[in-house]
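Q: For reference, the structure I am asking about is given below.
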Amino acid sequence: MKRLTHLAIALILALGLVVGGCATTQKTDMTADDLVQEAKKNVCEITVSEAKEILDGGEYLFIDCREPKEYKMGHVPGAVNIPRGLLEFKIDKQVPDKNQNIVMYCKTGGRSCLSSCTLCRMGYKNVKSMAGGWKAWEKAGYPID
């Protein structure tokens, strides 16, 4: 009888996990903008003019997290392309030093903000996100590769 009771309890717990799925205490039904705004609270965002000064100083690695097709159409000189969708899988090989100074950018700043947040969660300590992204860089008339 005890064995049957333990089996029943185990089944009820398993069913609870399946039905509950990924229920959390965090806010649900968030939009992409909500996710970006939440990420902005946790990342260092810099202006495009600050990013240009950093580029001129040469101490930072610029990572373009747009898609390869976007990157090929033009990018910040010397920037490395690691698309946001592959970032977690490629960053360790391309940037093994978690103390590396990094500036992330995308088209307008949303993906780079989310990417910066991800890198910080992965232990990277010196990550900045370029507000306004590629569009702001182009509009400012800064160099393009």
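The values are calculated or read from the model by the stated rules, or taken from the named source; none is laboratory data. Keep in mind that what you see is a predicted model, and the values were worked out from it rather than measured. Heads up, the Cβs are rebuilt from the backbone with ideal geometry, glycines too, and the neighbour counts pull from every protein chain shown.
Q: Quick one: in region 103-121, of everything that is of a type in the set (A, V, I, L, M) and under 10 Å from the mean Cα position of the chain (by Cα), which residue is surrounded by the fewest Cβ atoms within 10 Å (Cβ to Cβ)?
A: Here the answer is Leu114.
To keep it simple, each residue is scored yes or no on (1) out of contact with any Pro (no Cβ under 8 Å at 6 or more places or on another chain); (2) closer than 17 Å to Trp134 by Cβ; (3) surrounded by 10 or more Cβ atoms within 10 Å (Cβ to Cβ); (4) modelled with pLDDT under 60.
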position: Leu4; (1), (2), (3), (4): yes, no, no, yes
position: Ala10; (1), (2), (3), (4): yes, no, yes, yes
position: Glu50; (1), (2), (3), (4): yes, yes, yes, no
position: Gly58; (1), (2), (3), (4): yes, no, no, no
position: Leu61; (1), (2), (3), (4): yes, yes, yes, no
position: Cys65; (1), (2), (3), (4): no, yes, yes, no
position: Lys72; (1), (2), (3), (4): yes, yes, yes, no
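Q: Residues being touching a residue at least 40 places away in the same chain (Cβ under 8 Å) and either within 17 Å of Asn42 (Cβ to Cβ) or in contact with a Pro (Cβ under 7 Å, 6 or more places away or on another chain) (or both): count how many of those fall in region 85-105.
A: Result for region 85-105: 3.
Q: Separate question: Within the bounds of region 88-102, is there any residue that is of a type outside the set (S, T, N, Q), under 10 Å from the mean Cα position of the chain (by Cα) and within 19 Å of Val76 (Cα to Cα)?
A: No; the residues of region 88-102 include none that is of a type outside the set (S, T, N, Q), under 10 Å from the mean Cα position of the chain (by Cα) and within 19 Å of Val76 (Cα to Cα).
Q: Another question about this same structure. Name the residues in region 74-91 that are small (Gly, Ala, Ser) and either modelled with pLDDT of 95 or more or closer than 21 Å to Glu138 by Cα (or both), would you?
A: So the first thing to find is which residues in region 74-91 are small (Gly, Ala, Ser), and the list is 74, 78-79, 85.
Within region 74-91, Gly74, Gly78, Ala79 meet the criteria.
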